[in-house]
Every structure is written in structure tokens, then in C-alpha cells.
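Here the structure is laid out as C-alpha cells; the discussion comes afterwards.
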């Protein structure tokens, strides 16, 4: 039993060793052959040889990151639903019930985000959010 397990694992070990060796060689070559310079604009943001026309923003708002995360979540949702739609006839009612459960879970998450105000990005949204959060802290 042990001989069969080790016989089937040696290709994986050789492959892993080859991957690590190739990675090491690539990193070593990049270090040895790579260009080194310390010009003034090297560490600047948006370094492309062009001077920025105006001061660069220091930070992005939290709404930007929320929108990016929501996009990724709903983009992945779309991939799963399209994959289900392609195989819907073959999956039958069991597949339909599974995708229905998946959509209901996503809608529950969307309703929760809406209730929490995560989708409220209009003017005054920060004030409303702060007021709502202050009201929560007062409850016992």
C-alpha cells in the first residue's frame, strides 16, 4: 500500500521541484539582469514621463472600494447564473431549485446592504449614516 502511494506521488514532487527551481532562476535572472536607476520621478505615482497637471488625490472614498467589491460579487453571480442557464435542461428541477436558492441568498445580501445604507452614495449620505449609527449606539 505504501509503495503504491509513493509511486504515484513522485511525479508531483518532481513537478513541484521544477516549479520552485524555475521560479528561483527567473527571480535570480531578473535581479542580475534588471535595470537599476534612481531617477527623481521613479517613485512618483503615475510615472510615465509626464508631469501631473494637478495635485494627485491622496485617498479614494470608501464608496469607490464598495462599488468595486459589489461589482466583483455581482459579476461572479452572473458567471454562475449564465453557466446554469447553459446547462439548465440537463440539470432539471434540482438545478433550478439550486440556482433559485443562490439568487435568494444574493437578494438577501443585497437587501441587507440596502438596509444598512451601503448603497446610499448620494449627497448627505455620510450625515444620514452617522445619524443612524448614533441611534444604534443608544439602544440597550
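Residue by residue, here is whether (1) assigned to a helix (DSSP H, G or I); (2) free of Cβ contacts under 8 Å to residues at least 12 places away in the same chain; (3) surrounded by 11 or more Cβ atoms within 10 Å (Cβ to Cβ) holds:
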position	(1), (2), (3)
63	yes, no, yes
72	yes, yes, no
91	yes, yes, yes
94	yes, yes, no
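Say whether the condition of being exposed (fewer than 10 other Cβ atoms within 10 Å of the Cβ), modelled with pLDDT under 90 and either part of a helix (DSSP H, G or I) or on the phi > 0 side of the Ramachandran plot (or both) is met by at least one residue in the stretch 31-44. Steps first, answer last, please.
Step one: list which residues in the stretch 31-44 are exposed (fewer than 10 other Cβ atoms within 10 Å of the Cβ), which gives 31-40, 42-43.
Now restrict to residues that are modelled with pLDDT under 90: 34-40, 42-43.
So of that shortlist, the ones also either part of a helix (DSSP H, G or I) or on the phi > 0 side of the Ramachandran plot (or both) come out as none.
No, there is no match, as no residue in the stretch 31-44 is exposed (fewer than 10 other Cβ atoms within 10 Å of the Cβ), modelled with pLDDT under 90 and either part of a helix (DSSP H, G or I) or on the phi > 0 side of the Ramachandran plot (or both).
The values are calculated or read from the model by the stated rules, or taken from the named source; none is laboratory data. Remember, predicted model here, so these are calculated numbers, not experimental data. Glycine also receives a Cβ, built like all others from the backbone with ideal geometry; neighbour counts cover every protein chain displayed.
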